[in-house]
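A short worksheet on the structure shown next.
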Amino acid sequence: MGPVSFPPTSQKLSAWKGDLAKMTHLQAGLSPETIEKARLELNENPDVLHQDIQQVRDMIITRPDIGFLRTDDAFILRFLRARKFHQADAFRLLAQYFQYRQLNLDMFKNFKADDPGIKRALIDGFPGVLENRDHYGRKILLLFAANWDQSRNSFTDILRAILLSLEVLIEDPELQINGFILIIDWSNFSFKQASKLTPSILKLAIEGLQDSFPARFGGVHFVNQPWYIHALYTLIKPFLKDKTRKRIFLHGNNLNSLHQLIHPEFLPSEFGGTLPPYDMGTWARTLLGPDYSDENDYTHTSYNAMHVKHTSSNLERECSPKPMKRSQSVVEAGTLKHEEKGENENTQPLLALD
């Protein structure tokens, strides 16, 4: 006679229903296509989602040197997605996330959009964030390098603004799965500006974005880069993981190669796209509100519950943007104009496109 099976007790049944509701909540709002993409590309299995999260949480005890300030299910889940549900890799990224913040405390003091340094960077378009996503559902971030006024914005404040923006964006589960694209336009970026990109601050940026943040970057695209940006890339290459290097594309002035990877209908005219020129204040208004003198509070959930609050009109005047250097407003597909002579021979892509 085989073993006798008993129906689940009401207590077990209640716990099972609770777990099912929790898993449904963690995937709530995701389209069926995105759920299937997470299953195929990230190994996300809703049947064992709670166990995967708990296994990562159980590893926290192995790192008593790190203060894990947030360990809820939704937070840990983004690290699992960023590492394709390899629990050990996800925990390593989670630990590096908080360790990076512990080692760079000054960067994360007053880590909110109304911090004067972050606010100036946001108003100046660091970063730009396109409203629509590309054909893979990825969010497109833009950096117009020549807009960096070094008397106005420190590189650290620009990095802080980028990290804060990613904190806000990564709250969207769709973006945790689909990821991001970054396009950097180096038009009119001077050698003097480039000289401020020291190895130490470039390493700080790489550690913050590549090694310590739970985002999937589908590509980093350089356009119109001069020879000294090639030199900088060679300098930072040893700090990049193989996976990262394969996703960096140096297009030079060849927009056709950019359009092979990001379709023109998703790009503004600066990049030969069909969309209008990018408005530098778009993302700043999203975080700070359309009226910079308005003093309403805006709250974005993150590990430290950052609060985005408007400041006084005096600070607004201090932070008012200076005229921006822009790339050409409209270009023909496949070309990107140069403003300086003698650069064309230095803009051949360093990496073959996949």
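Set the Förster distance to 22 Å, then compute FRET efficiency between Arg63 and Asp211 from the Cβ-Cβ distance, nearest 0.05.
0.90
Report the label-to-label distance for Asp89 and Trp227 in nanometres (one decimal), using points 7 Å from each Cα along the Cα→Cβ vector.
Roughly 3.9 nm, to one decimal.
When the label point is put 7 Å from the Cα of Asn256 along its Cα-to-beta-carbon vector, which residues of region 211-230 have a backbone N closer than 14 Å?
Correct set: none at all.
Using a basic spin-label model with each label point 7 Å from the Cα along Cα→Cβ, how many nm lie between Lys192 and Tyr136?
3.9 nm
Taking the Cα centroid of region 162-232 and of region 42-120, what is the distance between the two, rounded to the nearest whole Å?
20 Å
Give me the one-decimal Kirkwood hydrodynamic radius in Å for region 97-215, with the sum taken over alpha-carbon pairs.
Computed over region 97-215, the radius equals 15.0 Å.
What's the FRET efficiency of Asp149 with Thr234 using the Cβ-Cβ distance as r and R₀ = 25 Å, to the nearest 0.05?
0.40
Within the set Lys109/Lys246; Lys84/Lys119; Lys119/Lys246; Lys112/Lys203; Lys84/Lys237; Lys37/Lys196, which residue pairs have Cα atoms separated by over 30 Å?
Violating the 30 Å Cα-Cα cut-off are Lys109/Lys246; Lys84/Lys119; Lys119/Lys246; Lys37/Lys196.
Only the coordinates and a few stated rules stand behind these numbers; no lab work does. Source: prediction; values computed, not measured. No Cβ is skipped: glycine too gets one built from the backbone with ideal geometry, and neighbour counts run over all protein chains shown.
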